[in-house]
1. So how far apart, in nm, are the two label points at His93 and Tyr31 if each is 7 Å from Cα heading toward Cβ?
2. If you take the beta carbon distance between Arg102 and Glu63 as r and set R0 to 41 Å, what does 1/(1 + (r/R0)^6) give as a FRET efficiency, to the nearest 0.05?
3. Only loop residues by DSSP count here, and only those with at most 15 other Cβ atoms within 10 Å; note down the trypsin sites (Lys or Arg not before Pro) in segment 185-244 that meet that.
4. Work out how far the C-alpha atoms of segment 179-266 reach from end to end along every principal axis, then list the three figures in whole Å, largest first.
5. Using the beta-carbon distance between Asp199 and Glu82 and R0 = 45 Å, what value does 1/(1 + (r/R0)^6) give for FRET efficiency, to the nearest 0.05?
6. Please work out how much length the chain gains when fully extended from Lys44 to Ser240, using 0.36 nm per residue of separation minus the C-alpha to C-alpha distance, in nm with one decimal.
7. Report the label-to-label distance for Glu54 and Glu223 in nanometres (one decimal), using points 7 Å from each Cα along the Cα→Cβ vector.
8. Quick one: what does P(r) look like for the chain with 5 Å bins over all Cα pairs, in whole %?
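The values are calculated or read from the model by the stated rules, or taken from the named source; none is laboratory data. Keep in mind the model is a prediction, meaning the values are calculated, not measured. Quick reminder, even Gly has a Cβ in these numbers, built from the backbone with ideal geometry, and neighbours come from all protein chains shown. These area figures cover heavy atoms from the full protein model, side chains too; ligands, DNA and RNA do not enter into them. Shrake-Rupley method; radii C 1.70, N 1.55, O 1.52, S 1.80 Å.
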Amino acid sequence: MCKDTAKIRKFANMITKNRIKFIRSLEQKKYRKVHGCFVVEGPKVVEDMLPAFECEYVACTREWLDRHVPLPSSCECDEVSEDELRRISFMEHPQQVLAVFRIPESPFQKRSAEIDLCLALDGVQNPGNLGTIIRIADWFGIEHVICSSDCADLYNPKVVQAAMGSLARVKVHYMDLPAFLRSLEPGTPIYGTLLDGDDLYETMLSTRGVIVMGNEGNGLSDEVRQLVTSRIKIPSFNTSGSSAESLNVGVATAVVCSEFKRRSGS
């Protein structure tokens, strides 16, 4: 429907009330689970996601439509006004297009952590932090992020926006994190970021294994902490005698990933 602009509904037959209700319902996790769908907004993020996810529906302004962005023939599409876009958007300042995508199945092979470097998140609950970490993983070429079951929901609109299209390139998996770590081949490095860890810049680092980042307030859970094989920390370089207690988990993830990748030369 969307490839041919002549088939797009005119403003007199705009987006229906039922469609608006459906889209707004996807702000809540329970309805994302029921419908198997999530919302993406903004030209760059939508265009990044189109090749990677099955698109069911697009609501867009004429400005976006005139760029002739190719859409799947099975995708329904409504041309909407700026006011209508504001009615359905989860953003304070909507940008030209909103799309509804199907939530995919994404099985994880634990061998990925045994031959490459993966990130694991233990109870990261802030949606903005989760989205930022996914974007960081994308930047540093880390393909897999493993989340404990109590992490923020991947398809929360705030996560999707913070990830800025990186969901198209990074695979995120939810699982029992302690069970996953126990299942790894013996000798697979498990790095845990801990305040009593060894200086990141003086620790031997591997090009494979799992880097575990903890909850915003509590750090790593006791069960995960016991499974860590190498405890690391980012040292403070503040020489005044007092400094911030800790770094934001997104910032800390970027610092740690940067050092791992710098050492590996990749």
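1. 2.6 nm
2. 0.95
3. Passing sites in segment 185-244 are Arg208.
4. Projected onto its principal axes, the Cα set of segment 179-266 covers 44, 32, 20 Å.
5. Efficiency, rounded to the nearest 0.05: 0.30.
6. Between Lys44 and Ser240, full extension yields an extra 66.2 nm.
7. Computed distance between label sites Glu54 and Glu223 equals 3.3 nm.
8. Final binned percentages: 1, 6, 12, 16, 16, 13, 10, 9, 7, 5, 3, 1, 0, 0.
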